[in-house]
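Working notes for the structure below.
Just so it is clear, none of the values below were taken in a lab; they were calculated from the coordinates. Since the model is a prediction, treat every value here as computed from it, not as a measurement. Every residue, glycine among them, receives a Cβ derived from its backbone with ideal geometry; neighbour counts consider all protein chains shown.
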Amino acid sequence: MCELGLAHELVGRTGFCIHPKEAVRAVPKVGGTKSVDLEKIRELAPTHVIVNVDENRKETAKALAGFVPNVIVTHPLGPLDNLALYRQIGAAFDKSGEAEDLCARFESAFRRLREKQFPQRKVLYLIWRDPWMTVSRDTYVSRMLALVGLQTVPESLLERYPKLADLDVPDAELLLLATEPYRFGDRHREELRERLGLPVYLIDGEMTSWYGSRALCGLDYLAEFSSSLPAPRAAA
């Protein structure tokens, strides 16, 4: 919304909508993505609400549709879906020209990334602990990682965000700890490195999982992140 020049139209946000800081600082919070304060939204009287299939509950979207004229449903499943997302939001707010500018910037960053070569690595990507949770290959996160040669394992997961009984994943060459939604840090990295005997790295969860305008810097971040990893060990 802010990238499209619509910051002044924002009347509410979740506690996770934190960028750009200066633009959203004064925008009232309406709860979290799973704990939306419907009455507060009703008081704010928005003409549009943007929801996401993964982030918001279906019953929340249905309730919003009962009193908000326009409920915009988003569901990007891969990097290139950002182009349709920009155009969807642009069309809804008569900002199609600005949306096309965003598309051009994304396509440029995407081309830069695709011109590079990345070694293939199998990674276990953790998003939560107690219980341990990861991502399947049928997710935006996994498809972003795959652009830079990071293939998520276990490969055959049915749930999109499954719980893991343990972290003994034989195929994993390294472990990635996302900084969000769970705030993994250095303490967890050292703990799991000793426990599993695998290389463990912290990775910026915003850069892998936040679609929309955040994906622009996400592409460049992931290219740099993958390039900074040690070369994979040669097969015996």
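Structure data summary
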| quantity | calculated |
| --- | --- |
| Debye, to nearest 20: dipole size of region 24-68, +1 on Lys, Arg Cβ, -1 on Asp, Glu Cβ | 40 |
| Share, in percent, of DSSP beta bridges within the chain that are antiparallel, nearest 5 | 25 |
| FRET efficiency, 1/(1 + (r/R0)^6) with R0 25 Å, evaluated for residue 217 and residue 11 via beta carbons | 0.40 |
| Extreme residue, positive dipole direction of region 1-95, given options 6, 56, 92 (C-beta unit charges) | 56 |
| ³J(HN,Hα) computed for each position of region 84-91 - Karplus, 6.51 cos²θ - 1.76 cosθ + 1.60, integer Hz, glycine/proline x | 5, 5, 4, 5, 4, 5, x, 5 |
| 222 nm mean residue ellipticity, helices alone, for the chain (DSSP H n ≥ 4; -39,500 (n - 2.57); rounded to 500) | -11000 deg cm²/dmol |
| Between 0 and 90°, nearest 10: helix 214-228 axis offset from the chain longest Cα axis | 10 |
| Gained length - residue 88 relative to residue 54, 0.36 nm times residue gap less alpha-carbon distance | 10.5 nm |
| Projected label distance in nm at residue 198 and residue 96, using a 7 Å step from Cα toward the beta-carbon | 4.7 |
| Karplus (6.51, -1.76, 1.60) ³J(HN,Hα), θ = phi - 60°, over region 191-202, in Hz, Gly and Pro reported as x | 4, 6, 4, 5, 5, 9, x, 10, x, 10, 10, 7 |
| Residues listed by number, region 115-155, amide nitrogen under 17 Å from residue 231 label point at 7 Å toward C-beta | 117-121 |
